[in-house]
Each structure stands twice: as structure tokens, then as C-alpha cells.
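Asker: Would you mind keeping the following structure in view while I ask a few things?
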Amino acid sequence: MPHILVISYEAPPRLSANSILTAKTLHALRPALPASAIIDLLCAQPGDEVPADDALTDLLPEDAQIHRIAPFPRGRRTLLQRIIGGQGGWQKEAVHKAAALFPAEHKKPALIYSRSHPPASHLVAIELVRGPFAGVPWIAHFTEPWSLHPYYRSPITRRALRLREQDVMAAATQLVFGTEALRDAMTASAADLLAKSHVVRSPAEWPHAETSPSPLQAQPGSRVLAHVGSLHAARSPLPLFEGLAELQRTDSALQPRLEAWLVGSYDQTHAGLAEQLGVAECVRRSAPLPYAQSLAVMRSADVLLVLDTPAKDNVFLPTKLTDYLAARKPILALTSPGSLTAKVMDRWQQPWADMSDSSAVAAALRQAASGQLRPAPDERFLAEHAPAATGKALAEVVDECLAPVISQEPAA
């Protein structure tokens with residue numbers, strides 16, 4: 001019975017994009033694992049960082065053994081600590097908890113599988129493989145960049161993250177990335193890192209959501225453009241509001257027929273922007289919703305909106321895109337030329353507009369308001385993110401590490 005120690009700071013019931021992705025990934029992986037495998041998930045308890053959604057726990061494998069640790073503070077609360085995650089104290093306690101779960105040499109886990117973002121999960125794993133779990137194979141899964149993340153602008157912070165990510169990538173047995181672009185950017189195409197790198201796409205799956213009603217309803221005759229996700233300081237709704245304002249000036253008959261729904265946390269730096277630009281009447285804001293209700297909002301919208309972070313050559317792909325894909329609705333992205341989001345939109349044959357060009361944004365919104373956007377992405381793209389396909393791809397990486405353990409098990 002091989003034990004797989006999964007380390008993921010973000011996991012249910014925490015209501016965050018990476019928590020949901022962790023649950024869906026493990027849900028997809030479990031059927032592809034040996035029946036005898038045991039999953040121990042080490043994660044963070046809900047805290048004051050994000051809301052909780054207890055229903056998310058249903059997405060985890062039924063037989064997973066969950067071990068939650070409070071994300072409490074310890075020492076100075078620096079910018080780097082906030083990025084790493086765990087408020088400074090979770091990482092140390094997670095190492096202690098893992099060592100207590102497997103106290104003897106002959107009871108080490110057969111495999112460590114850690115998931116980042118945030119980086120804390122990988123930093124726990126590297127401490128374990130260099131300490132009590134020396135010799136245990138380790139898969140490090142990156143869903144977002146570290147030093148290349150568009151949210152982090154300080155050169156000092158970027159250098160510190162680069163040192164840590166290089167250390168993790170060198171020490172891990174196998175590396176997993178969410179996209180080819182992320183793999184190539186983080187590894188810098190180094191031959192030794194590419195040799196142990198794999199691309200596993202995020203599963204697009206809507207379990208337990210089909211019967212949930214949408215808490216938001218459109219006005220009669222309106223077309224709804226919905227953004228579901230956080231709008232923090234680095235991801236601003238300003239390009240959307242400026243586009244709506246220009247649409248109002250140039251096509252006053254069209255603009256009132258378009259409702260923009262913004263569902264999720266909303267940074268205080270954005271307060272008053274819609275009012276200043278005179279578009280507040282067509283903007284509806286909602287606090288973060290339980291996951292099932294947010295999926296219902298996506299189903300009820302006419303167009304799903306991506307608001308990217310402005311950055312040249314951005315290799316960060318918003319996690320919400322796989323949920324958008326599963327909604328089978330047209331998608332509109334406001335992003336930067338050359339970004340990974342723009343490239344994905346081109347591949348999916350979905351429109352995107354340069355977020356720095358209000359005229360281009362207004363033109364895209366004009367098409368959305370008049371119902372002239374392209375149909376939803378083709379089903380073949382959804383098939384690439386099917387749980388069975390993503391679970392199988394990740395299981396193949398797991399098998400490379402578990403094969404020696406499985407071969408030593410006694411025959412039934």
C-alpha cells in the first residue's frame with residue numbers, strides 16, 4: 001500500500017482558485033492510481049486570507065486522508081512571506097506534521113507530490129527530502145510562475161523567488177507544469193530540467209454544480225458579460241470600465257444593453273472607478289460566491305470575461321479559463337499582446353483585446369453587446385482538459401516514481 005504524501009497549502013474548504021484546482025486534480029488523478037495507493041493530503045485550514053466553502057470538500061477523493069494546519073503568523077510579515085504563503089508559520093508546522101505522520105524509516109511515504117501556488121508547499125517538500133524523507137521521490141507541480149509572476153514587480157523579491165524556484169527544480173525528481181509556455185519560461189529550456197519536465201493541463205470539470213441556481217439575474221433584454229474571480233490590486237477592472245465608457249460615448253444605444261457582472265473579491269484600490277467613468281449603472285458587483293453558485297453564474301452569462309494583469313510576455317494563465325471552457329460559452333479576454341492568455345485565445349478561436357487600448361476594448365464590447373462574438377470554443381479543446389486525460393497524464397508521472405515500490409509489493 002504505497003502512501004502518497006500530497007502537500008498543497010491551498011485545498012478545500014478554502015475558497016480560492018488554487019484550492020479548487022487542487023481538488024479537481026486529485027479527483028481526476030485518483031482513478032488512475034493503483035487501488036492500493038493511499039493519499040495523505042497536508043494543507044492549510046481556512047483562515048482570514050480567503051473565505052471557506054465546505055461543499056468543496058466533496059470534490060476531494062473520498063478515501064483521501066486530510067491533515068489541515070492553521071496558517072498562523074510567525075516572525076516578521078514580509079512581502080516575501082506573503083508570497084510564499086502560510087503567514088510565516090505554516091511551513092515549519094507542516095514539516096513537523098509530515099514527520100509525525102511517517103515517524104519510522106520503514107514508514108516513509110512512497111512519493112511526495114507538492115503543488116504550488118503558493119510556494120510554501122514546495123518549500124515544505126524540499127525540507128522533507130533533505131531531512132527525514134531523504135531518498136523519497138518528489139514531484140513538484142507548478143501551476144503559476146514564481147519569479148516571472150506578473151504580480152511581483154520588486155527586483156529584490158523576484159531574485160529571492162528565482163533562487164528558491166531554481167533550488168526546488170534542481171532537487172525535485174520530476175517537474176510538472178500547467179502549460180508548455182510555463183515550463184519553457186521557468187526552466188529556461190535547460191536540458192537537465194526539461195528531461196524531467198512534464199506538461200499536465202488543468203482539468204475542466206463541473207462536478208456537483210448542475211442543479212445550482214444562479215444568484216444573479218439579468219435585466220430583460222440585456223446581454224451579460226461575467227467576470228468570475230478576484231480583482232486584486234494587480235488585476236484592475238479599469239480597462240473594462242474605460243471600454244464601457246467609450247462604448248457609451250460612441251454607441252449609446254448599445255451600452256445599456258450590456259451588463260458587466262464582477263463576481264469575487266474586489267480590492268479597495270478599485271473603489272469608485274465605475275462611478276468616475278460614468279458606467280456604474282451597467283456594472284454589478286458580487287462578493288465571492290460558493291463554487292457551485294459561481295459556476296451557475298457562468299452558465300447564465302452570455303459571454304465570460306478574462307481580465308488579465310498587464311505584463312509583456314506574461315506566462316501566467318488565469319485558472320478560471322478551464323471553468324470558462326467547461327461552461328461552453330463565448331470568452332472575451334482583455335490582455336496584453338504576446339501574453340499566454342492572448343495565445344490561448346487565438347488557439348481557441350476566441351476574441352481578445354489589448355487592455356491598454358480603450359478603443360479596441362470598446363470594439364470587443366460592441367460585438368458582445370450585439371451578440372456578434374464567435375461561438376464557444378470547439379469541443380476538442382475541452383477534451384484536452386477532460387479529467388480522464390489530465391488524470392492519466394499525471395498518473396504516468398506518478399508511475400515513474402512509484403514503479404519500484406509497486407514491483408516490490410507481494411502478489412495478491
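Asker: I need every pair where a residue in segment 133-149 that is charged (D, E, K, R) has its Cβ under 7 Å from the Cβ of a residue that is crowded, with 23+ Cβ neighbours inside 10 Å, sequence separation at least 6 or different chains.
Answerer: 144/117; 144/316
Asker: Spot the failing condition for residue 166; the list is (1) within 16 Å of residue 81 (Cα to Cα); (2) polar (S, T, N, Q); (3) out of contact with any strand residue (DSSP E or B) (no Cβ under 7 Å at 6 or more places or on another chain), and only one is missed.
Answerer: With respect to (1) within 16 Å of residue 81 (Cα to Cα); (2) polar (S, T, N, Q); (3) out of contact with any strand residue (DSSP E or B) (no Cβ under 7 Å at 6 or more places or on another chain), residue 166 is out only on (1).
Asker: Tell me the residue from 313, 323 that is among the charged types (D, E, K, R) and at positive phi, please.
Answerer: Going through 313, 323 in turn, just one is among the charged types (D, E, K, R) and at positive phi: 313.
Asker: Considering segment 22-40 alone, what residues qualify as being hydrophobic (A, V, I, L, M, F, W, C), within 22 Å of residue 400 (Cα to Cα) and under 18 Å from the mean Cα position of the chain (by Cα)?
Answerer: 26, 28, 29
Asker: I've got another one for you. Report yes if some residue within segment 305-319 is in contact (Cβ under 8 Å) with a residue 40 or more places away in the chain and either of a type in the set (Phe, Trp, Tyr) or farther than 30 Å from residue 186 by Cα (or both); otherwise report no.
Answerer: Within segment 305-319, one or more residues are in contact (Cβ under 8 Å) with a residue 40 or more places away in the chain and either of a type in the set (Phe, Trp, Tyr) or farther than 30 Å from residue 186 by Cα (or both).
Asker: I'd like to check something: does segment 323-337 contain any residue that is out of contact with any helix residue (DSSP H, G or I) (no Cβ under 7 Å at 6 or more places or on another chain), over 15 Å from residue 224 (Cα atoms) and part of a helix (DSSP H, G or I)?
Answerer: Looking for residues that are out of contact with any helix residue (DSSP H, G or I) (no Cβ under 7 Å at 6 or more places or on another chain), over 15 Å from residue 224 (Cα atoms) and part of a helix (DSSP H, G or I), one finds none in segment 323-337, hence no.
Asker: Among the numbered conditions (1) at pLDDT below 90; (2) touching a helix residue (DSSP H, G or I) at 6+ places or on another chain (Cβ under 7 Å), tell me where residue 370 comes up short.
Answerer: (2)
Asker: Shifting gears a bit: Given the criterion at pLDDT below 90, surrounded by fewer than 23 Cβ atoms within 10 Å (Cβ to Cβ) and touching a Pro at 6+ places or on another chain (Cβ under 9 Å), identify the matching residue among 155, 150.
Answerer: 150
Asker: Out of all the residues in segment 232-250, is one or more touching a Phe, Trp or Tyr at 6+ places or on another chain (Cβ under 9 Å), touching a residue at least 24 places away in the same chain (Cβ under 8 Å) and within 21 Å of residue 56 (Cβ to Cβ)?
Answerer: Yes.
Asker: Sticking with this structure for a sec: Could you tell me which numbered condition residue 186 fails, if it satisfies all but one of (1) farther than 25 Å from residue 203 by Cα; (2) in contact (Cβ under 8 Å) with a residue 40 or more places away in the chain; (3) not in a loop (DSSP other than H, G, I, E, B)?
Answerer: Residue 186 satisfies all of (1) farther than 25 Å from residue 203 by Cα; (2) in contact (Cβ under 8 Å) with a residue 40 or more places away in the chain; (3) not in a loop (DSSP other than H, G, I, E, B) except (1).
Asker: Considering segment 115-130 alone, what residues qualify as being within 16 Å of residue 182 (Cβ to Cβ) and either among the small types (Gly, Ala, Ser) or more than 15 Å from the chain's Cα centre (by Cα) (or both)?
Answerer: Matches in segment 115-130: 116, 122.
Asker: Taking segment 369-400, which residues are part of a loop (DSSP other than H, G, I, E, B) and touching a Pro at 6+ places or on another chain (Cβ under 9 Å)?
Answerer: Residues satisfying the conditions are 373, 374, 375, 376, 377, 385, 386.
Asker: Oh, and also: Report the residue count in segment 291-316 for those that are surrounded by fewer than 22 Cβ atoms within 10 Å (Cβ to Cβ), polar (S, T, N, Q) and outside any helix (DSSP H, G or I).
Answerer: Result for segment 291-316: 1.
Asker: Give the residues of segment 131-160 that are over 19 Å from the mean Cα position of the chain (by Cα), of a type in the set (A, V, I, L, M) and not in a loop (DSSP other than H, G, I, E, B), sorted by residue number.
Answerer: 156, 160
Asker: Can you find a residue that is of a type in the set (D, E, K, R), more than 23 Å from the chain's Cα centre (by Cα) and at pLDDT 95 or above anywhere in segment 358-366?
Answerer: For segment 358-366, residues of a type in the set (D, E, K, R), more than 23 Å from the chain's Cα centre (by Cα) and at pLDDT 95 or above: absent.
Asker: Select the strands (runs of 3 or more DSSP E) contained entirely in segment 210-290, then report the ones holding at least 2 residues which are at pLDDT 90 or above and hydrophobic (A, V, I, L, M, F, W, C).
Answerer: Where strands (runs of 3 or more DSSP E) fall fully within segment 210-290 and carry at least 2 residues being at pLDDT 90 or above and hydrophobic (A, V, I, L, M, F, W, C), they are 223-228, 258-263.
Asker: Checking the structure you have, find out if any residue of segment 128-136 is surrounded by 15 or more Cβ atoms within 10 Å (Cβ to Cβ) and either acidic (Asp, Glu) or within 29 Å of residue 381 (Cβ to Cβ) (or both).
Answerer: no
Asker: Sticking with this structure for a sec: Out of all the residues in segment 312-354, which are closer than 19 Å to residue 153 by Cα, modelled with pLDDT of 90 or more and aliphatic (A, V, I, L, M)?
Answerer: Hit for segment 312-354 is 340, nothing else.
The values are calculated or read from the model by the stated rules, or taken from the named source; none is laboratory data. All values reported here derive from a predicted model rather than from experimental measurement. Reconstructed Cβ throughout: ideal geometry from the backbone, glycine too, with neighbour counts over all protein chains shown.
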